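Remarks on the structure that follows.
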Amino acid sequence: MEPVEIILLGSGGGRWVTIKQARYTGGIRLHNGIRLHIDPGPGALVRTYQFGLDPMKIDGVITSHCHPDHYTDAEVLIEAMTHGMTKKRGFLVANKTVLESVEGFGGPAISKYHQNLPKTKILMESGQKAKLENLEIEATPAKHSEPKTIGLKFYTSQGIVSSIFDSEYFNSLSEPYVGSKVLFLAVMRPFADRIPFHLCTEDAAKIIKEAKPELAVLTHFGMKMILQNPAKQAQWVEKETGSKTIAAEDGMVIKIDKEITISKVTPQKKLNFF
Ligand SMILES: [Zn+2]
């Protein structure tokens, strides 16, 4: 069975961390035979090279919602995926606001021209499933300021990898994620420092207690979270929930094979072009 490799090209989120690049905002690369670039925020292209990856070797670009820290580099990655627009190849998966527009909430965030470059374009709404080659994905509900925001489940050959990209806590939020091997949670704020439409550490603990993933990964940190040391927040969650919980770091690599192993790539200062 093909192992799963997940490379975090960023662990930051929200306005200030994105503007200052206090943590990177390049999104996630997920490889399981197929290679996907998920939520490519500002810097995604450059971080790809910095962490030793090739942007032309992706088979899909996925964008969960229409906020800049989730979509800005999508067009240039589509250009890379289609080998400089010379080949009609790959998947573009995104929500309604990103592909069309939703009154008052922006969009489209990817030009119609770029939307037509990939071989397959899929508009995902909560509850829908799609197949990207051999990999099935499912969109899950979220409650976020961008109303069409989705979460995602990836039915990989090594189990379910899930991600809450941005949402506030609500009853039943955790339900779709029960049975996940790895669950990513966008945790903007530390402790019980709750703001609308986002998770804080305490919310994350509630979700993890309910969903019981084999590994929980806190990520998408806002400035207040970074100042409180996300690793310490993750330790608290682990103690509170009894589930293994880690804080994402830029360049972290999570490999799922017979077991889950975690390592880290150091970013290269001089970019390696292929
Ligand atoms: Zn957002």
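The values are calculated or read from the model by the stated rules, or taken from the named source; none is laboratory data. Computed from a prediction, not measured in an experiment: that's the story for all the values here. With ideal geometry, Cβ positions are generated from the backbone for all residues, glycine too; neighbour counts draw on all protein chains shown. All accessible areas refer to the heavy atoms of the entire protein, side chains included, with ligands and DNA or RNA removed. Shrake-Rupley method; radii C 1.70, N 1.55, O 1.52, S 1.80 Å.
Where helices (runs of 4 or more DSSP H) fall entirely within segment 51-114, those with at least 3 residues that are more than 16 Å from the ligand (Cβ to nearest atom) and open to solvent by 20 Å² or more (accessible area, probe 1.4 Å) are at 74-81.
The residue that is farthest from His70 (Cα to Cα), among those in segment 119-136 that are open to solvent by 50 Å² or more (accessible area, probe 1.4 Å) and among the small types (Gly, Ala, Ser), is Gly127. Put simply, of Ala204, Ala139 the only residue that is modelled with pLDDT of 95 or more, open to solvent by less than 10 Å² (accessible area, probe 1.4 Å) and farther than 27 Å from Asn229 by Cα is Ala139.
Kindly indicate whether any position in segment 170-183 is in contact with a helix residue (DSSP H, G or I) (Cβ under 8 Å, 6 or more places away or on another chain), closer than 25 Å to Ile34 by Cβ and within 16 Å of the ligand (Cβ to nearest atom). Scanning segment 170-183, I find no residue that is in contact with a helix residue (DSSP H, G or I) (Cβ under 8 Å, 6 or more places away or on another chain), closer than 25 Å to Ile34 by Cβ and within 16 Å of the ligand (Cβ to nearest atom), so the answer is no.
Just one residue in the set Gly13, Gly43 is under 16 Å from the mean Cα position of the chain (by Cα), in contact (Cβ under 8 Å) with a residue 24 or more places away in the chain and within 16 Å of the ligand (Cβ to nearest atom); that residue is Gly13.
If you go through segment 186-201 and keep only what is surrounded by fewer than 19 Cβ atoms within 10 Å (Cβ to Cβ) and either charged (D, E, K, R) or touching a strand residue (DSSP E or B) at 6+ places or on another chain (Cβ under 8 Å) (or both), you end up with Phe191, Ala192, Asp193, Arg194, Ile195.
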